[in-house]
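Worksheet for the structure shown next.
Just so you know, all these numbers are worked out from the coordinates, no wet-lab data involved. What you see is a predicted model, and the numbers here were worked out from it, not measured in a lab. Note: ideal-geometry Cβ built from the backbone for every residue, glycine included; neighbour counts use all protein chains shown.
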Amino acid sequence: MEIDTSVWTGRTSLFKDGVKLERSSEKGKPFLAESDAGELIKIYPKATLTELTPALEIDGIKYCTQTKLPWHQSVVALLPMLLIFVGGGLGGGIGAVATMLNVKTFRGSESPITKYFKVIGISALSYVLYSLVAYLLIKMIER
C-alpha cells in the first residue's frame with residue numbers, strides 16, 4: 001500500500017498495487033479495499049500531530065505508515081511552534097511551516113549531523129522571518 005497526503009488540501013489518497021482506492025461516504029470516510037480472501041476491508045486514515053502522513057486504522061488496529069521520530073528529534077522539530085506563544089497566528093503559521101520542513105528533513109537520507117544543522121537552520125530562519133514580518137507589519141501600521 002502507498003499513501004499520499006496533499007500539503008495544500010490535506011486530502012489523503014491510498015493506493016493498493018498502484019490502483020487508487022475509493023472512499024466510502026459513511027462516517028469517518030474509510031478507504032475500501034479488498035483483502036486477499038476477497039473480503040471488503042475498511043481503512044481509516046488517522047492524523048497524528050507530529051507525522052506528515054496519517055496512520056491507518058484497520059479492524060480497530062492502528063498501523064503507523066512511517067516510523068516515529070525519536071522523542072528528541074520530535075522536540076527539536078517542534079521548536080518553531082513556540083512562535084505561536086510569541087506571535088499568535090502569524091507566529092503559529094510560520095512555526096507550523098517550519099515544523100513540517102523540520103520533520104521532512106529528519107526523515108531525509110542525509111547524515112544525522114547534516115539533518116540537525118538543517119533543522120536548526122530552518123528553526124532559526126523561522127524566528128528571523130517572524131521578526132522581519134512582524135517588524136514590517138508594525139511599521140506599516142504606524143504610518
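Here is how the numbers come out for the structure above:
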| read-out | value |
| --- | --- |
| Violating pairs (Cα-Cα greater than 28 angstrom) within the set 115/139; 16/118; 104/139; 16/46 | 115/139; 16/118; 104/139 |
| P(r) weight above 23 Å for the chain, C-alpha pairs, percent | 49 |
| Relative contact order computed over the range 2-63 (Cα-Cα under 8 Å; 6+ residues apart), in percent | 20 |
| Span per principal axis, largest first, for the Cα atoms of the range 49-121 (Å) | 42, 32, 16 |
| The chain: angle of helix 112-142 to the longest principal axis, Cα-based, in degrees nearest 10 | 60 |
| Centre separation in Å (Cα based) which lies between the range 81-105 and the range 18-79 | 24 |
| Convex hull projection area averaged over all views, the range 84-133, Cα basis, nm² | 3.2 |
| Helix axis angle, 83-106 relative to the chain longest principal axis, alpha carbon, degrees | 50 |
| Residue 42/residue 111 FRET efficiency (R0 41 Å; Cβ-Cβ; nearest 0.05) | 0.50 |
| Globularity ratio of the range 2-63, using Cα Rg and 2.2 N^0.38 Å | 1.10 |
